[in-house]
1. Within the stretch 182-194, track down each residue that is touching a helix residue (DSSP H, G or I) at 6+ places or on another chain (Cβ under 8 Å) and surrounded by fewer than 16 Cβ atoms within 10 Å (Cβ to Cβ).
2. So R127 ticks every box in (1) more than 9 Å from the ligand (Cβ to nearest atom); (2) basic (K, R); (3) in contact with a strand residue (DSSP E or B) (Cβ under 8 Å, 6 or more places away or on another chain) but one. Which box is left unticked?
3. Can you name every residue in the stretch 448-475 that is over 20 Å from K603 (Cα atoms), in a loop (DSSP other than H, G, I, E, B) and under 31 Å from the mean Cα position of the chain (by Cα)?
4. Give the number of residues within the stretch 533-563 that are in a loop (DSSP other than H, G, I, E, B) and modelled with pLDDT of 90 or more.
5. Could you go through the stretch 145-152 and let me know if any residue there is surrounded by fewer than 19 Cβ atoms within 10 Å (Cβ to Cβ), more than 18 Å from A261 (Cβ to Cβ) and more than 16 Å from the ligand (Cβ to nearest atom).
6. Across the stretch 362-384, what is the total count of residues that are of a type in the set (A, V, I, L, M, F, W, C) and either closer than 14 Å to F310 by Cα or surrounded by fewer than 19 Cβ atoms within 10 Å (Cβ to Cβ) (or both)?
7. Mind checking which residues of the stretch 354-370 are of a type outside the set (F, W, Y) and under 20 Å from the mean Cα position of the chain (by Cα)?
8. Report every pair of residues separated by at least 6 positions or lying on different chains whose Cβ atoms are under 6 Å apart, first residue within the stretch 237-253 and over 12 Å from E345 (Cα atoms) and in a helix (DSSP H, G or I), second small (G, A, S) and at pLDDT below 90.
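The values are calculated or read from the model by the stated rules, or taken from the named source; none is laboratory data. Since this is a predicted model, take the numbers as computed values, not measurements. Every residue, glycine among them, receives a Cβ derived from its backbone with ideal geometry; neighbour counts consider all protein chains shown.
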Amino acid sequence: MAVQDLSDLFGAGSELEQLIGRFSPRPGQVLMAKAIEEALADQMDLVVEAATGTGKTLAYLLPVLLQTERAIISTGTLNLQDQLFNRDLPLALNALGIEKDTALLKGRSNYLCLHRLEQYEKDESVRDGEWSDDFAAVYAWARHTLSGDVAELDSVGTDSGVWPFVTSTQDNCLGNECPLFSKCHVVRARRQAQAADLVVVNHHLLFADLSLKQTGFGEVLPGADVMVIDEAHQIPDTAMRFFSEGISAWQVRELARDSLAACGQAPGTLAILRKPTEQVRAAIDRAMARFADMPAKGEFSKIAGLVPEFESLIKALRTLQQGLSEVAEQSRDLSNCLERATSLEKRLGHFVAGDREYIRWFSNRSGRFSLNLTPLDIAEPLREIRAQTPATWIMTSATLGVAGKFDHFTRRLGLDHCRELIIPTPFDYASQTRLWIPKELPEPSSPHHTEALLEQVMPLIKASQGRAFLLFTSHRALRQAAIWLRANTDFNLQVQEEAARRTLLERFLSEPNSILLGAASFWEGVDVPGKSLSVVVIDKLPFAPPDDPILEATIKAATEKGERAFATVQIPHAVLSLKQGVGRLIRQAEDFGVMVIGDPRIKTRSYGRIFLKSLPAMTEVDAVNEAIDFLYEQFEEVDD
Ligand code: SF4
């Protein structure tokens with residue numbers, strides 16, 4: 001399609017205008033669509049930062065639908081996947097007046113596993129145990145569901161303990177040796193995806209596939225002409241996770257349980273496996289007990305004292321392996337358990353031995369631990385993956401650039417020859433917002449910082465009658481703020497950790513005088529357009545906590561290479577997080593609000609300039625009264 005045609009598709013009088021109620025032509029959208037059109041024609045990878053309000057989803061969908069035979073689009077979460085597949089994609093097809101075979105594919109844990117359901121239906125401890133009601137509901141639903149997508153069964157919560165028993169993992173799936181393979185929901189969903197012209201996936205699934213972890217079924221997503229990665233700022237972390245190798249306490253316990261469950265269908269095997277299974281259970285219980293007092297995460301040196309426990313677990317896994325190899329031929333489930341015991345033993349051995357190219361770290365929740373080996377360098381494996389696929393890669397997000405540059409992103413992903421584009425915001429930040437950086441706050445490390453910040457912003461939040469997000473860089477500060485606000489104000493507080501995210505947002509919108517207090521996950525993906533949100537307060541510059549073992553190792557590796565890690569690793573990371581947080585305030589052209597950054601370092605340190613340069617151009621005010629006056633003016637205009 002000619003360049004001119006794309007302008008027409010997004011312009012006044014276009015089909016899109018007919019289809020979208022509040023459509024207005026946006027130059028940035030056309031610019032982005034044309035850049036993608038050219039990148040596809042030239043088969044050049046492209047990185048695009050498209051500010052909120054660009055309309056980036058349609059900007060990539062239209063050229064991709066017009067120019068490619070087969071496309072994969074990956075986004076950050078299941079919600080975004082659903083939104084793209086059910087709202088944006090039909091709209092784009094409609095606007096173009098074409099038809100395509102499209103598919104939505106989720107990770108395997110989102111589909112019912114018929115084999116495990118059948119297996120655990122016979123196991124009283126699960127069928128009649130703690131989750132018996134949920135198990136009965138799944139069993140009844142399983143009889144009539146066509147898709148097997150667990151989202152259909154909303155009477156059973158996503159956090160129910162029944163799901164691990166009735167969904168599969170790559171470890172426990174029997175693949176094409178499964179007796180129910182021909183009826184399998186995972187298989188059906190994947191076949192549909194393989195046959196489709198356009199598949200919508202999420203990053204976890206994409207990387208699981210790319211890193212060939214889903215070997216139970218082979219590659220699911222071969223041969224696309226284009227890979228569009230939306231929310232691409234998440235890619236470095238997702239890729240690191242998927243090129244990692246790990247072992248968790250849950251996997252070991254599940255292996256012990258599944259081994260015993262498999263004995264139920266193979267006479268004579270229990271006598272051989274009972275004792276080794278008990279030994280594995282005892283060894284993992286001992287290790288979990290030692291982890292009970294350990295921190296939530298850390299690098300290997302913090303748990304070096306646990307090596308004897310790991311070694312006794314390795315020994316127990318070997319004994320179980322021996323037992324399983326005697327009986328593995330009797331059933332596919334038993335041979336699957338043998339493969340898992342072998343793999344767990346090998347991975348644990350690898351973890352204990354260590355590897356120069358990998359970071360060894362653990363995470364831990366009250367003894368439920370996982371041990372991980374994460375590669376320091378993801379650029380090389382990603383280069384190899386891209387070299388193996390003929391696809392053009394389009395990476396886009398609202399937050400990719402640091403002071404107008406992408407180096408920290410492209411270097412990390414090994415994107416050596418790609419085009420780059422920044423689509424500036426279509427919003428008039430100078431008139432829609434005010435930025436207030438309170439003076440005379442204590443240093444962020446001071447124990448009085450949170451309280452001092454709250455005291456300063458209170459007049460502003462009273463003036464806006466709540467309608468405020470308070471975003472914190474630590475859960476400790478968040479809890480401290482909740483206590484202070486409850487003791488000193490009458491606002492309705494919606495506090496992360498006290499209810500589910502969706503419930504908090506519903507209450508924030510419906511209860512007057514609400515303030516939402518959030519940490520990490522609330523900094524992105526929360527969309528509250530309109531005057532329900534008029535103030536966003538960010539307590540500190542979001543430097544990652546020093547106890548993050550991956551960050552710690554990345555800094556060490558950068559330093560060893562002679563880099564100034566603070567500039568090349570920590571600042572870019574914090575800038576992107578800050579951009580995400582600031583991005584909550586203005587979601588559409590009619591929005592207005594006050595942004596408060598409660599960290600004096602943004603003014604007093606030289607690196608503060610990089611942060612300010614990376615943010616949209618807000619009008620800065622010196623005092624709280626100016627910010628309050630601005631809000632009153634805006635509220636009056638809206639009421640008129
Ligand atoms: S093939 Fe795997 S996911 Fe499908 S039913 Fe069998 S074990 Fe479950």
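1. Answer for the stretch 182-194, where residues must be touching a helix residue (DSSP H, G or I) at 6+ places or on another chain (Cβ under 8 Å) and surrounded by fewer than 16 Cβ atoms within 10 Å (Cβ to Cβ): just K183.
2. (3)
3. Just the residues of the stretch 448-475 that are over 20 Å from K603 (Cα atoms), to begin with: 451, 455, 458-470, 474-475.
Keeping just the survivors that are in a loop (DSSP other than H, G, I, E, B) gives 464-467, 474.
Selection gives G466, R467, S474.
4. Our first condition is that a residue be in a loop (DSSP other than H, G, I, E, B); within the stretch 533-563, this holds for 533-534, 539-548, 561-563.
Going one step further and asking which of them are modelled with pLDDT of 90 or more, we end up with 533-534, 539-543.
Result for the stretch 533-563: 7.
5. Narrowing the stretch 145-152 to residues surrounded by fewer than 19 Cβ atoms within 10 Å (Cβ to Cβ): 145-147, 149, 151-152.
With more than 18 Å from A261 (Cβ to Cβ) added as a condition, the list becomes 145-147, 149, 151-152.
Cutting the leftovers down to more than 16 Å from the ligand (Cβ to nearest atom) gives us 151-152.
Scanning the stretch 145-152 turns up at least one residue that is surrounded by fewer than 19 Cβ atoms within 10 Å (Cβ to Cβ), more than 18 Å from A261 (Cβ to Cβ) and more than 16 Å from the ligand (Cβ to nearest atom).
6. Of all residues in the stretch 362-384, those of a type in the set (A, V, I, L, M, F, W, C) come to 362, 369, 371, 373, 376, 378-379, 382.
Now narrow it down to the ones that are either closer than 14 Å to F310 by Cα or surrounded by fewer than 19 Cβ atoms within 10 Å (Cβ to Cβ) (or both): 362, 369, 371, 376, 379.
Selection size over the stretch 362-384: 5.
7. Taking the stretch 354-370 first, the residues of a type outside the set (F, W, Y) are 354-357, 359-360, 363-368, 370.
If the condition is that a residue be of a type outside the set (F, W, Y) and under 20 Å from the mean Cα position of the chain (by Cα), then S363, N364, R365, S370 are the ones that fit.
8. F242/S211
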